[in-house]
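Values quoted throughout were computed directly from the atomic coordinates according to the rules given, and no laboratory measurement underlies them. Given the structure is predicted, the values throughout are model-derived calculations rather than measurements. Every residue, glycine as well, gets a Cβ built from its backbone with ideal geometry; the counts of neighbours run over all protein chains shown.
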Amino acid sequence: MKLDFLNVIKQNIKPVFLGVDIGTTSIKVVEVEQGKLKPKINNYAILESRGSLLRTNAIFQSSNLKLFDREMIELLKEVIKKMKPQTNKVIASIPVFSAFTTVLKLPEMPENELKQALLFQAKQYVPLPLEEVAFDWQKVGEYEDEKGFKFQAILLIAIPQDLIKKYQKIFKEAGLSLLALEIEPISLVRSVIAQDKTPTLIVDIGSYITSISLVENAQLKFVSQTDFAGASLTHAIASALNINPLRAEEIKRERGLLGQGADYELSEVMIPIVGFIATEIKRAQYDYSINFGKSFNFERIILSGGGANLLGIDYYMKNQFNIPTFKAEPFLQFEYDEEILPLVNELNPVLAVSLGLALREFV
């Protein structure tokens, strides 16, 4: 058997991976290889289901843990066919609504006792038999109570085994090799926070779900979510103007929250929805204080997801919380060709998860 030695050397020197973010109404794929100084973005693809605005059966997956296997396989095949990537190695995301996440408070204890304590506590929070879920956890804080007893806060993540098997089947039948699965907030921390220790609140506004991640010392501390998201804004416009949701989506993207004159009333239609998201941010802060025994005083907000491109939403959040608010900029961690440059501002928040997934293999 003849070995392609040059090809083996090339692969070893320049590893290549695909980050695949499967959302409720879109698939985002990025191909990343090792560049000269940073990982390099070779290619990307975004596939959106506009029909999901008209009928719920056009979404790719839903918050009741339903994943549409056959459709997903065919769509991934189509994306890969058009991208023609150098690799089939994939790191993929799991939406936060598909995992059970909670913060557990436990006394300080030896590492060998921690697993049993976590599994015992998990029975109260995971609505499935423990043998039907896969667990991951990380220590996210420690504190001392008024009596001097030391406690640790553990972020527990549980993913149904059936869902993991579905993802494995989907990628295998699409001709891809699934290396790892990761919940979206962890990918976001990697791509938009890196090693910056500034207390940060990441608001990831998708089509049907907005996730809220509290990050401190470059570490994910707490995750919350709400059903108020991009599609909520679109349907509010469609209802107010009595127009097709597809046309409402176009108007939303064109005018955003910065409407003047005749467009002012249109912006006013969306303000209550964005206000609900702000309220959920405050709720997440409160829940954090209950779990950690202290308030979370974040110093900035980073917006990601397609909803981060809504004109004026950064100004709204800045005014609501009186702190700096920015769109995610994961491209800062990558090299990329100059022809992508005009698109980077819009792509930054949209590809934040998929870029964070690919970056996992380079840090």
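Answer rounded, prolate or oblate for the range 147-259, using the Cα gyration tensor with square roots of eigenvalues a ≥ b ≥ c: rounded when a/c is under 1.5, else prolate when a/b is larger than b/c, else oblate. Judged from the Cα gyration tensor, the range 147-259 comes out oblate (a/c at least 1.5, b/c at or above a/b). Among the trypsin sites (Lys or Arg not before Pro) found in the range 265-317, those both in a DSSP coil and sparsely packed, with 10 or fewer other Cβ atoms within 10 Å of their Cβ, are K294.
Distances between every pair of Cα atoms in the chain, grouped in 20 Å steps from 0 to the bin holding the largest one, split as 28, 57, 15, 0 percent. Taking trypsin sites (Lys or Arg not before Pro) across the range 81-181, the ones in a DSSP loop with at most 11 further Cβ atoms lying within 10 angstrom of their Cβ are K123, K147.
Expressed in Å, the radius of gyration and Dmax of the Cα atoms of the range 100-158 are 11.9, 38.
Greater than 27 Å separation of Cα atoms is the criterion. Which listed pairs, K221/K318; K89/K166; K221/K327; K166/K327, meet it? List each step's numbers first, then the result.
Values: K221/K318 22 Å; K89/K166 17 Å; K221/K327 20 Å; K166/K327 33 Å.
Cα-Cα > 27 Å for K166/K327; rest within.
Sparsely packed loop sites in the range 61-153 (the chymotrypsin sites (Phe, Trp or Tyr not before Pro) outside DSSP H, G, I, E and B with at most 13 other Cβ atoms within 10 Å) comprise Y125, F149. A straight line joining the Cα centroids of the range 101-121 and the range 306-363 runs 35 Å.
Only beta bridges with both residues in the chain are counted; by DSSP, about 70 percent of them are antiparallel.
Across K318, K252, K36, mean-square fluctuation computed from a Gaussian network of the chain (C-alpha pairs under 10 Å connected) peaks at K36. When each of the peptides 40-46, 268-274 is scored by how many other beta carbons lie within 10 Å of its residues on average, the order from highest to lowest is 40-46, 268-274.
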